[in-house]
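The values are calculated or read from the model by the stated rules, or taken from the named source; none is laboratory data. As the structure is a prediction and not an experimental result, all values here were calculated from the model. Here the Cβ is made from the backbone with ideal geometry for all residues, glycine too, and neighbour counts use every protein chain on show. Surface areas here come from the heavy atoms of the whole protein model, side chains and all, with no ligands, DNA or RNA. Shrake-Rupley method; radii C 1.70, N 1.55, O 1.52, S 1.80 Å.
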Amino acid sequence: MKKEIIWSSPAATASALDNTSPDVETAGPYAFVKQGRIIVRHQPEGPYPVVVPCPGVRLTVNGRECTQPTPVSMEDAIRVETVEERREGNWSISVSPDGLQAVLRMQPVIIIHRELPDLLPSRILQFKVVEWEERLPPLTWDELLQELARLGINYGVDWEACFRGVTSCTEEEVVIARGIPVEPGKDGRVELLFSSNPRVPVLAGKDEAVDFRERYVFTSVEAGDILAIKHPPEPGRPGTSVKGEVIVPPSPRDFILSAGEGVVLTGDGNRAVAARPGRPVASRWRNLVKVSVLPELVHEGDVDLASGNITFKGDILIAGNVAEGMVVEVGGNVRVGGLVSGARVHATGSVLVGRNILSSMVIAGGLPSFSQVILPQIHALAAGLQEMIMAIRQLMDQPAFKQGDLKHGIGPLLVLLLERKFRHLPAAASTFKKQVETMPPGMADEGLEEFIREVERVLVRSPLAVRDLQELETLARRAGEWEQAFAFQQSAESDVVASSIHNSTVIATGNVRVVGSGCYNSRIHAGKKVTVSGVFRGGEIQAGGDVHVGELGSRSGVTTRVVTGPKAVVTVGHAFENVTIVIGDQVYRFKREEKGIRLWLDKEGNLSKV
């Protein structure tokens with residue numbers, strides 16, 4: 001705050017005339033202040049009284065300013081002036097980042113007044129002052145109006161608050177204008193009308209026995225049952241900033257309801273209905289929900305040369321064994337009542353083996369690599385087109401919007417949105433085209449290539465030529481259909497559960513649980529957790545999540561290795577020499593037998609052990 005010092009009129013003076021006309025008898029050297037006059041008394045031969053200045057006054061004796069204690073005589077011309085201090089105020093108006101508030105911040109003008117009071121006679125007269133403070137508003141009404149005009153604040157101005165601001169003498173903040181906030185819309189949603197049970201039943205805890213006699217029950221539906229209902233999004237209402245600008249609410253998220261195997265959609269696309277009896281399942285990829293009814297194939301005997309290999313799109317229950325050299329490929333879950341020996345089992349869903357896996361490969365889950373690369377771009381196109389359509393509708397519904405501006409089509413509005421809010425869409429279209437060109441031969445049919453040409457025309461080459469909103473709506477619908485086609489080549493997290501594993505490779509996108517005696521000379525790759533209730537001797541475990549092993553390695557020192565991510569916890573009941581555990585980039589090697597081991601990385605990335 002800027003300070004200004006102002007010398008006031010003399011608070012007290014003394015002259016030879018004052019001192020030769022005493023008001024009291026001279027009894028010794030002294031000086032005093034009375035009714036604004038300084039009186040000095042002393043004997044002609046002295047001594048003289050002393051006056052002491054203080055902050056806030058200016059002492060002048062015979063025309064010379066004195067800042068230290070000064071002797072004065074009756075013949076001296078003494079002048080004392082008080083000092084007034086002025087602290088300039090300041091003020092400012094700021095608009096909040098969302099444009100919904102204008103705030104006036106003020107610090108008042110402060111003037112400190114001082115005067116010299118009457119002081120009793122004293123040989124050493126110490127001056128002192130009496131102070132009081134005056135506060136003034138830092139701005140005028142005209143200054144406030146000029147600043148409002150300069151900032152363009154013309155909506156929702158609270159004139160009563162403005163008046164309080166220009167008359168306030170305190171340091172404060174006053175909201176002088178308020179806009180209208182947007183009312184956000186409601187996201188769409190898909191309501192599932194059936195219970196979703198886990199693909200593999202919940203098994204006992206790591207320290208509890210597992211009862212394989214327990215029956216695994218899946219939810220079932222009849223033909224004609226309504227499985228899901230799509231609730232469309234509700235658009236929000238625009239707001240207005242304090243500058244009178246329209247604030248467009250964010251586009252609510254919409255969901256696409258898709259009919260999978262054994263399901264049909266009603267005419268309006270808002271209901272999924274079972275077309276056959278079976279097990280209902282729902283898969284979700286971002287804003288896409290696919291509902292299917294999967295049948296379960298029951299194979300009563302073994303999978304062997306008599307039955308041949310089995311390929312099936314749904315779930316399968318194999319009551320017997322999967323014999324040597326046989327292949328089972330399933331689009332759902334696999335349950336094997338016996339063992340898998342010298343075979344290959346690949347399921348999109350989970351795999352449950354009641355007995356052992358011997359010299360086999362078992363895979364649960366998986367997504368083609370090209371789909372993993374393409375999905376983000378096609379999703380960006382589908383979601384971005386939907387948001388752009390809703391933004392155009394909201395702008396066209398505004399009273400201030402002139403429909404005549406678009407008599408030649410919505411191309412100018414589309415170009416404006418692509419340049420400002422949806423700059424990512426042309427880039428996503430170009431990237432999507434390049435990725436499709438790298439797909440395996442035969443995967444990109446003519447329909448996909450024609451869709452890419454249409455996307456390039458609308459978003460890249462000729463957006464100005466788009467005539468109406470129907471063109472965008474058709475393109476958005478087709479983008480959603482292609483996203484659905486790519487998204488559901490994937491499976492969700494799929495698990496493998498078995499009694500024991502010998503000389504085999506087991507791969508799962510979800511968890512792997514070995515609930516019997518354990519694993520020997522095998523490799524386990526899991527996207528999530530690995531739990532081996534018994535022993536794991538020889539081979540390697542790779543897990544994305546935690547690992548729990550009852551006994552790791554062997555006394556013979558067979559090479560055994562566990563590799564997991566930096567956030568995982570590895571728990572081992574009994575570990576032998578020559579066992580290696582890798583967590584993130586930290587390696588721990590057992591040089592002797594240890595029991596009750598728990599390893600993890602602390603916040604600094606260092607290996608911790610208990």
By how many degrees, between 0 and 90 and to the nearest 10, does the Cα long axis of helix 424-437 differ from the longest principal axis of the chain?
20
So, counting K/R as plus one and D/E as minus one, what does the shell of residues with Cβ under 14 Å around Gly236 add up to?
-2
In the neighbourhood of Ala275 defined by beta carbon distances under 11 Å, the net charge of the other residues (Lys, Arg +1; Asp, Glu -1) is -2
To the nearest 20 debye, the chain has a Cα-centred charge dipole, built from +1 on Lys and Arg Cβ and -1 on Asp and Glu Cβ, of 1600
Where in the range 242-271 is the amide nitrogen less than 19 Å from a point lying 7 Å along the Cα-to-Cβ axis of Ser283?
255-265
With a 10 Å radius around each residue's Cβ, average the other Cβ atoms per peptide and rank 595-604, 345-354, highest first.
345-354, 595-604
Where does the chain land at 222 nm, in deg cm²/dmol rounded to the nearest 500, when only DSSP H runs of n ≥ 4 count, each adding -39500 (n - 2.57), divided by all residues?
-5500 deg cm²/dmol
Accessible area per residue of the chain at 1.4 Å probe, in Å²?
50
Everything considered on the Cα gyration tensor (a ≥ b ≥ c; rounded for a/c under 1.5, else prolate if a/b is larger than b/c, else oblate), the range 485-610 must be described as oblate
Using the Cα centre of the chain as origin and beta-carbon charges of +1 (Lys, Arg) and -1 (Asp, Glu), tell me which of Gly236, Ser359, Pro117 is placed farthest towards the positive end of the dipole.
Ser359
If you take every DSSP beta bridge fully contained in the range 25-126, what fraction is antiparallel? Give it as a percent rounded to 5.
90
Which of the listed residues, Phe163, His346, Val569, is farthest toward the dipole's positive end in the chain, when Lys, Arg count +1 and Asp, Glu count -1 at the beta-carbon?
His346
In nm², what is the average projected area of the convex hull enclosing the Cα atoms of the range 221-338?
11.0
Over the chain, what is the mean sequence separation of C-alpha contacts under 8 Å (at least six apart), divided by residue count, expressed as relative contact order in percent?
7
Give me the percent of DSSP beta bridges within the range 558-600 that run antiparallel, rounded to the nearest 5.
65
Any chance you could tell me what percent of the C-alpha pair distances in the range 62-176 go past 22 Å?
54
Principal-axis tilt of helix 446-456 within the chain, Cα atoms, nearest 10 degrees:
10
Please give the Cα centre distance for the range 110-168 versus the range 580-595, rounded to the nearest Å.
73
Give the carbon-plus-sulfur fraction of the accessible surface of the chain in %, rounded to a whole number; probe 1.4 Å, heavy atoms of protein chains only.
50
For the range 549-589, rounded, prolate or oblate, judged on the Cα gyration tensor with a ≥ b ≥ c (square roots of eigenvalues), a/c < 1.5 rounded, else prolate if a/b > b/c?
oblate
Find which of Pro47, Trp91, Leu59 sits farthest along the positive direction of the dipole of the range 18-136, computed with +1 on the beta-carbon of Lys and Arg, -1 on that of Asp and Glu, about the Cα centre.
Trp91
Taking Cα atoms, how many degrees apart are the long axis of helix 469-487 and the longest axis of the chain, rounded to 10 and kept between 0 and 90?
60
I want the local charge near Arg420. Using Cβ-Cβ distances under 14 Å, sum +1 for each Lys or Arg and -1 for each Asp or Glu among the other residues.
-1
Of all DSSP beta bridges having both residues in the chain, the percent classed as antiparallel (nearest 5) is 50
In whole angstrom, how far apart do the alpha carbon centroids of the range 518-536 and the range 287-331 sit?
24
For the chain, treating each Cα as an identical point scatterer without solvent, what Debye log10 I(q)/I(0) comes out at q = 0.07, 0.08, 0.10, 0.11 1/Å?
-0.71, -0.80, -1.03, -1.13
Report the relative contact order of the range 62-114, percent, no decimals, based on alpha-carbon pairs under 8 angstrom and at least 6 residues apart.
34
